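Just below is one structure, and these are the notes that go with it.
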């Protein structure tokens, strides 16, 4: 399928009460557990995504959810991208890029000067890593409470 323009996506706050969003979060968690060893997955579950420091956003095309992403406020003008996931029916159509730009805009509007993320390593994670690096994220040190292992990596963007 061809890449769709960012305007094709309606990006809106997500409270995770609807089945489409909950199903996409479940799919995200299943993917993380399938591609990372036990004990190395730091994706937020439903309780983590409803933390007051986390805001969740979803991208929709007509009445179908296309993707989801979250922004966690780490304090000290720093934020963390969490739980970015595109629905399999919408892969390679610009959903993740649109959500990423939206979350960067939200972070800027909240006065954040740095965005970080922790993600897995290996071939499964390469499409996401490519997107982040094209947007200007660079490899860097661990942050927050994370510890480096052979199964994860850290990227940072100065806003």
Does the range 98-151 hold any residues that are within 17 Å of the chain's Cα centre (by Cα), within 18 Å of residue 72 (Cβ to Cβ), part of a helix (DSSP H, G or I) and free of Cβ contacts under 8 Å to residues at least 60 places away in the same chain, and which are they?
-> 100, 103, 104, 105, 106, 107, 108, 128, 132
If you scan the range 92-107, which residues turn out to be over 14 Å from residue 55 (Cα atoms) and at pLDDT 95 or above?
-> 93, 94, 95, 96, 97, 98, 101
Residue count, the range 107-128, condition surrounded by fewer than 17 Cβ atoms within 10 Å (Cβ to Cβ) and closer than 25 Å to residue 10 by Cα, comes to 5
Selected residue [more than 12 Å from the chain's Cα centre (by Cα), at pLDDT 95 or above and assigned to a strand (DSSP E or B)] from 74, 81 | 74
Find the residue count for the range 7-21, including only residues that are under 17 Å from residue 90 (Cα atoms) and either over 16 Å from the mean Cα position of the chain (by Cα) or not in a strand (DSSP E or B) (or both).
-> 6
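Here's the yes/no breakdown for (1) under 13 Å from residue 87 (Cβ atoms); (2) in contact with a strand residue (DSSP E or B) (Cβ under 8 Å, 6 or more places away or on another chain); (3) surrounded by 16 or more Cβ atoms within 10 Å (Cβ to Cβ); (4) modelled with pLDDT of 85 or more:
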position	(1), (2), (3), (4)
3	no, no, no, no
15	no, yes, no, yes
31	yes, yes, yes, no
38	no, no, no, no
43	no, yes, yes, no
53	no, yes, no, yes
58	yes, yes, yes, yes
Looking across the range 60-70 at residues that are over 10 Å from the mean Cα position of the chain (by Cα) and crowded, with 17+ Cβ neighbours inside 10 Å, the single one that is nearest to residue 20 (Cα to Cα) is 65
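The values are calculated or read from the model by the stated rules, or taken from the named source; none is laboratory data. Just so we're clear, the structure is a prediction, and the values are computed from it rather than from any experiment. Neighbour counts run over all protein chains shown; Cβ positions are idealised from the backbone, glycine included.
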